[in-house]
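Data first, discussion second: the structure below is written as structure tokens.
The values are calculated or read from the model by the stated rules, or taken from the named source; none is laboratory data. Because the structure is a prediction, the values reported are computed rather than measured. Every residue, glycine as well, gets a Cβ built from its backbone with ideal geometry; the counts of neighbours run over all protein chains shown. Accessible surface is based on the protein model in full, side chains and every heavy atom, while ligands, DNA and RNA are left aside. Shrake-Rupley method; radii C 1.70, N 1.55, O 1.52, S 1.80 Å.
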Amino acid sequence: MFALFYFEAGADLYGWHIEARSLYFSAAFFMVENFYDNRTPRLYRSVQDDVYGPWTIDYPPTKDEIRCPVPESVGHELERLQSRFVEEWLFFKNDLHIEAELAAYAAHDMPAQEVNIRSKRLARLQKTGNTWIYMPPGIDLNVVQLLRKYWRLSEKVPGH
């Protein structure tokens, strides 16, 4: 599973990304500096799923940790949007009170993974082969391509 949200601020992008593979998932905040500029973009990512913790630069790649490059007001907005996004779209296998979600998945013969899309949102997805996709109007696929190409998975988290 690959899910994200982002918003634009001038030439920069700010967002949150989660990717699940097998029994692990990785979640982090990100910033793409100069995305809508004629300069080379820089992809910053929080090392863990903490907007105020250490960050790193995935593109151009570096191993150094840096302080959060996100302005404080943007950090607050990222946290608010991330909380709302998770609440509306995702559930985790170890969350409390997910019996209805698990029953809905079982009724569709779908196994629950570590991170899942809420059953009420499944109808919004379109199935193409083995892939289920939902893209809101106006999404810039270049953002998705940049993240898929340069994102280095942050700390893998077993369970939640």
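Legend: translational diffusion of region 17-70 by Stokes-Einstein, Rh = Kirkwood radius over C-alpha pairs, 37 °C, 0.692 mPa s; D = 278 µm²/s. Ordered by 1.4 Å accessible area with all protein chains kept, Leu13, Leu81 run largest first as Leu81, Leu13. Placing a label point 7 Å from the Cα of Met1 along the Cα-to-Cβ line, the residues of region 63-103 whose backbone N sits under 19 Å from it are 81-103.
Rounded to the nearest 20 debye, the dipole magnitude of the chain is 500 debye, with +1 charges on Lys and Arg beta carbons, -1 on Asp and Glu beta carbons, and the Cα centre as origin. Taking 7 Å steps out from each Cα toward its Cβ at Ala9 and Tyr24 produces label points 3.1 nm apart.
Remark: relative contact order (region 19-154) = 20 percent; criterion is Cα-Cα distance under 8 angstrom and separation of 6 or more residues.
Accessible surface for region 1-136, divided over its residues, is 58 Å² per residue with a 1.4 Å probe.
Across region 37-104, Cα-Cα pairs more than 16 Å apart make up 62 percent of the total.
Probe radius 1.4 Å, ligands and nucleic acids ignored: give me the carbon and sulfur share of the accessible area of region 74-149 as a rounded percent. The partial results should precede the final answer.
Working: 2670 of 5120 Å².
Answer for region 74-149 is 52 percent, counting heavy atoms of protein chains only.
Taking only the Cα atoms of region 19-160, the ratio Rg/Rh comes out at 0.98, with Rh defined as the Kirkwood radius. Give me the angle, in degrees from 0 to 90, between the Cα long axis of helix 72-89 and the longest principal axis of the Cα atoms of the chain, rounded to the nearest 10. In the chain, helix 72-89 runs at an angle near 20 degrees to the longest axis.
Working note: Karplus 6.51/-1.76/1.60 with θ = phi - 60° gives region 20-25 the couplings 10, 9, 6, 9, 10, 9 Hz, where Gly and Pro are set to x.
Each residue of region 126-136 was assigned a 3J(HN,Hα) from its phi angle through the Karplus expression (A = 6.51, B = -1.76, C = 1.60, θ = phi - 60°), giving 10, 9, 10, x, 9, 10, 10, 9, 9, 10, x Hz with x at Gly and Pro.
Got a sec? What order do His108, His17, His97, His76 fall in by accessible area at 1.4 Å, biggest, i.e. largest, first?
Numbers: His108 125, His17 0, His97 160, His76 95 Å².
Putting His108, His17, His97, His76 in descending order of accessible area: His97, His108, His76, His17.
Placing unit charges on each Cβ (+1 for Lys and Arg, -1 for Asp and Glu) gives the chain a dipole about its Cα centre, and among Tyr150, Met110, Pro69 the Cα reaching farthest toward its positive end belongs to Met110.
Please tell me the relative contact order of region 53-118 in percent, rounded to the nearest whole number, where contacts are Cα pairs under 8 Å and at least six residues apart.
Details: 45 pairs, mean separation 16.8, N = 66.
Averaging sequence separation for qualifying contacts and normalising by length gives 25 percent for region 53-118.
Computed on protein heavy atoms with a 1.4 Å probe, the accessible areas place Lys127, Lys63, Lys93 in the order Lys63, Lys127, Lys93, largest first.
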